[in-house]
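The values are calculated or read from the model by the stated rules, or taken from the named source; none is laboratory data. These numbers were taken from a predicted model, which means no experiment stands behind them. We work out accessible area using only protein heavy atoms, side chains counted, and drop any ligands, DNA or RNA first. Shrake-Rupley method; radii C 1.70, N 1.55, O 1.52, S 1.80 Å.
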Amino acid sequence: MKILVGAAMMLFAGSAHAQTLQGEALVKALRQGGFVIVMRHTSSPREVPDKKTANPDNTKPERQLDEEGRTTATAMGKALRDLKIPIGEVFTSPTYRALETVKYAQLGTPMPVPELGENGQSMQGGTEAQAAWLRRAVTQFKAGTNPILMTHLPNIRAAFPQLGDVADGEALVFGPNGLTARIKIEEWAGFR
């Protein structure tokens with residue numbers, strides 16, 4: 001196991017500089033599949049809503065998307081469909097805001113995975129075991145499709161510290177050579 005984690009770390013040690021595709025070339029490659037897309041959930045206030053302001057299905061209640069988060073998730077999902085980018089399995093944090101991002105983007109049936117969660121700690125979540133899981137997950141490519149892993153900033157920072165901050169809704173596209181592209185959520189609609 002340590003060898004596998006070490007190999008994954010070596011693969012991504014230089015990945016901050018491995019971005020190789022952009023624009024039309026990136027879209028063409030994504031249409032072929034074989035990439036893993038790691039995404040931070042879209043915009044969500046840090047405060048937990050009270051029972052009066054929580055969405056009816058947010059029964060715990062947990063943090064939920066704000067208007068910007070809902071709008072950008074919807075636009076990103078539409079862009080993916082318009083661009084005919086095949087999305088495979090959608091693994092997500094079990095948190096409400098991550099599930100809500102998947103719902104508004106219409107990415108398919110989400111599969112909650114504890115390793116993508118934030119352990120009830122919001123911006124302090126994410127363990128080394130979760131980081132190792134995420135590093136392994138981005139090396140498991142499937143021809144013809146692009147799985148999505150919906151998670152949180154602390155999980156991404158722990159797994160890929162060399163990448164620095166990742167914006168709300170930003171996608172990291174991993175391919176066989178490491179990080180292939182970083183896509184801000186608002187950039188999807190501009191691709192052709």
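Viscosity 1.567 mPa s, temperature 4 °C: Stokes-Einstein D of region 130-192 from its Kirkwood Cα radius, in µm² per second?
It diffuses with D of about 103 µm²/s by this estimate.
Step through the residues of region 153-159 one at a time and calculate ³J(HN,Hα) from phi using the Karplus curve (6.51 cos²θ - 1.76 cosθ + 1.60, θ = phi - 60°), rounding each to whole Hz and writing x for Gly and Pro.
Per residue, the Karplus-derived 3J(HN,Hα) values read 3, x, 5, 5, 4, 5, 6 Hz.
Count the lysine pairs in region 50-192 that are 8 or more places apart or on different chains: how many have C-alpha atoms under 21 angstrom apart?
Qualifying lysine pairs in region 50-192: 9.
Please report the accessible area of Lys142 (heavy atoms, 1.4 Å probe, ligands and nucleic acids excluded) in Å², nearest 10.
90
Once neighbouring chains are kept in place and the probe is 1.4 Å, which whole percent of the accessible area of region 65-120 is contributed by carbon and sulfur?
Taking all protein chains in place, region 65-120 shows 58 percent carbon and sulfur surface.
Based on DSSP H runs of at least 4 residues, each adding -39500 (n - 2.57), what is the mean residue ellipticity at 222 nm of the chain after dividing by all its residues, to the nearest 500 deg cm²/dmol?
After summing the helix terms and dividing by the residues of the chain, the value is -10000 deg cm²/dmol.
Keeping all protein chains in place, calculate the accessible area per residue for region 96-192 (probe 1.4 angstrom), answer in Å².
40
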